[in-house]
1. Neighbour counts of other C-beta atoms within 10 Å: give me B:Y128, A:Y45 arranged from fewest to most.
2. What aspartates and glutamates does A:K88 reach when the alpha-carbon gap must be under 20 Å and sequence neighbours fewer than 8 apart in one chain are set aside?
3. Using only the alpha-carbon atoms, how far is helix A:148-165 inclined from the longest principal axis of chain A? Give it as 0 to 90 degrees, nearest 10.
4. Convert 25 °C to kelvin, take the viscosity as 0.890 mPa s, use the Kirkwood radius over C-alpha pairs of the stretch A:67-190 as Rh, and evaluate the Stokes-Einstein diffusion coefficient in µm²/s, rounded to a whole number.
5. Please state the relative contact order of the stretch A:67-190 as a whole percent: Cα pairs under 8 Å, 6+ residues apart?
6. Can you bin the stretch B:2-52 into rounded, prolate or oblate? Criterion: square roots of the alpha carbon gyration tensor eigenvalues sorted a ≥ b ≥ c, rounded for a/c under 1.5, prolate for a/b above b/c, oblate for the rest.
7. Which residue is it, in chain C, whose C-beta lies closest to the C-to-D rotation axis, and what is that distance in whole Å?
8. Give the angle, between 0 and 90 degrees and rounded to the nearest 10, that separates the Cα long axis of helix C:112-138 from the longest principal axis of the Cα atoms of chain C.
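Read-outs: derived from the displayed coordinates by stated rules, not from any lab. Keep in mind that this is a model prediction, so the values were computed, not measured. Positions of Cβ are generated from backbone atoms using ideal geometry, with glycine treated the same way; all protein chains shown enter the neighbour counts.
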Number of protein chains: 4
Amino acid sequence: MDNSNRRQAIVSAAISLIAERGLEGFRVRMVATSAGMNHATLLHYFPNKQALVEAVVDQLLEQLRGEGRQHGDPSPWEALSHEFEDLKRRLDRDPSFFVALNEIQLRAYRDPRIARSLQHLYESWRHYLTSVIERGIAVGQFRPDRAVAEIVDVIMVQFRGLGLNALDQVDSKRMETAVAAQLNLLGGWILRQD
Amino acid sequence: MDNSNRRQAIVSAAISLIAERGLEGFRVRMVATSAGMNHATLLHYFPNKQALVEAVVDQLLEQLRGEGRQHGDPSPWEALSHEFEDLKRRLDRDPSFFVALNEIQLRAYRDPRIARSLQHLYESWRHYLTSVIERGIAVGQFRPDRAVAEIVDVIMVQFRGLGLNALDQVDSKRMETAVAAQLNLLGGWILRQD
Amino acid sequence: MDNSNRRQAIVSAAISLIAERGLEGFRVRMVATSAGMNHATLLHYFPNKQALVEAVVDQLLEQLRGEGRQHGDPSPWEALSHEFEDLKRRLDRDPSFFVALNEIQLRAYRDPRIARSLQHLYESWRHYLTSVIERGIAVGQFRPDRAVAEIVDVIMVQFRGLGLNALDQVDSKRMETAVAAQLNLLGGWILRQD
Amino acid sequence: MDNSNRRQAIVSAAISLIAERGLEGFRVRMVATSAGMNHATLLHYFPNKQALVEAVVDQLLEQLRGEGRQHGDPSPWEALSHEFEDLKRRLDRDPSFFVALNEIQLRAYRDPRIARSLQHLYESWRHYLTSVIERGIAVGQFRPDRAVAEIVDVIMVQFRGLGLNALDQVDSKRMETAVAAQLNLLGGWILRQD
DNA sequence: TATGAATGAGCCTTCATTCAT
DNA sequence: CATGAATGAAGGCTCATTCAT
């Protein structure tokens, strides 16, 4: 179990470093130093740099998947709202997480292995959103005249756009407004007006 | 003027390479080869790598600012629609442009010089959008109960999100739908309903 | 302590190379090869070329300061004679040492850090010579009508001139004569004649 | 004749640059710029860098040989004194000349062609000194019990030592004293005392 | 496991030199 | 002659990775 702790520490240090310097500027030696060990020791835990990056990706995606999904039995709209709330909270609490995530996202464009991981996550998220939307329509909370897939796409674009904002280092207040506005926007589009 | 052509060719090759391999993986030698010259010759046109990257940034931003702004005397909503149309056209025609742009955007997070360039562009764009929105409210086309700055932020998040989609290499059709949906979404939120 | 040995080997190789090719022509790669290692390994012991050069300077000056100062309780004139003897021995045994030293001396003209090191050495040597001369005058061995500082300067010029002779690669015999002549010259000038 | 002027300008610029940055740091492009022309143009006057350096050597030696040799019919001792006077004047007027000269002297150690040039000069100078000394002994001005060759060597060492002092950038006053002292030293050794 | 040493591949940059105009 | 462009060789330095202890 100590082994696992050690790996965790390394991956954490790696994420910080990626957020700080980008994948460009990401150096195995620095990660090791930052994790309090010799660089050669680090390579006992990860066979090479690529493996470390992949572990970072896994960790990032795990974290992304992690929270979310609230308890209780929320209505579809509450479920969606919760997703936005969750995003806001993350953006506020740990913006550097999103910096690293964007970095990974770009890398995925060229690294098939990372692309696959990311795709898995997106698919599972898309799946979840789809089910929520469908339920919303079924229970009459959402307008029935929108294509489900389209709604899901819309939401994902919103999230991506908001995630990119993390790079702007704007104040927490403004970020909160931006998230709220997007939710509001969505609501106006899919909520049944009566 | 041949000098200028040569520089153009280099910058173009550089953008392609950045899109292809990222700023990580961006090698002066490759750019030179790709532009059909010795790497030392390239440094004849740009004093060093950093200068080349900056030229790329300038070119990218210039291109971004470039088109847009249509002719005639469009209504505010037509003006906004045109922006989305324009984005769609670009995404379709030259997706790698957006890949490079995202790359630069991430780099701006750490490179103050690039950050400044980007900020200039964003400010000018924000300025333009603000004027359009204000006019739309003034002429009664847009709802008066939305904060202008908030609307502008919303649009910028939408564009960023859509830009990131370029990385997914989805088919042109689906991208078109995504852009249209976002425009639709925006319309539902700010257009005066009667 | 092996580490220290390795550094020593590198510095020695560096001195040889400087003597052979000058600071112009001084290549890290060559030093490494000459010391039997990869050039990257060398940079494991010295962070960069400049640091290596400085180590060379230190070593050279250390060596210069090193020997000298004989045992027993010599008269002032014997002390001076010993300095010349010592120089002669060095010139004979390791002429390339002086080649490197001249090289460094020229570099000091432009490199403040080296200039400082050299100045320290010269000051300490000047200090020593001053004390010897003063004692010589006090005990009546040297003529009292010469300014001490002037005598010291004279001696230093002599040493510098003799050191430059190392470049001529003349035979050991002739060098010996030259040193002896300078000592003789000095004696005629400062020794009390009776 | 304009051609000759141009070459002169280039060589002068080259000497200044060598004095300023050493042969290490000596760049064809800089010389050209400093002489007010394109670097490629410079290579119309000197086929390559080496040729330029050799021209510098020639010029330096020419200058060294140049002055000297006074008019009238001086006594041997006056002739020697004049040499020292001349050196003093040069050291005072153009110390950077000696910096460049030392630089060349070191280079001669490895460059046979330069070595030969230097040797020619030294031989001719040695020849001149020899004749002066012999005459001095013949006319009874110098002590007859010194070996002529030895005296000549002594003088040359003195000159070399004084030349190296140019690097110390000491004040003119002190340099003057040093030269005078060496002359004095020499006089005490060879002048017939009566 | 842990680590310091070692290494080869590779990158950016410099520079003397060549060449076409 | 003059010059801007071009080039190849080389140099200092970095870095992921391997290895012996």
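1. Working: B:Y128 16, A:Y45 19.
Listing B:Y128, A:Y45 from fewest to most nearby Cβ atoms yields B:Y128, A:Y45.
2. A:E62, A:E67, A:E78, A:E103, A:D153, A:D168, A:D171, A:E176, B:E150, B:D153
3. The answer is roughly 50 degrees.
4. Numbers: Rh = 15.4 Å.
In µm²/s, the coefficient is 159.
5. Numbers: 73 pairs, mean separation 43.0, N = 124.
The value is 35 percent.
6. prolate
7. In chain C, the Cβ lying nearest the symmetry axis toward D is C:G161, 1.
8. 20
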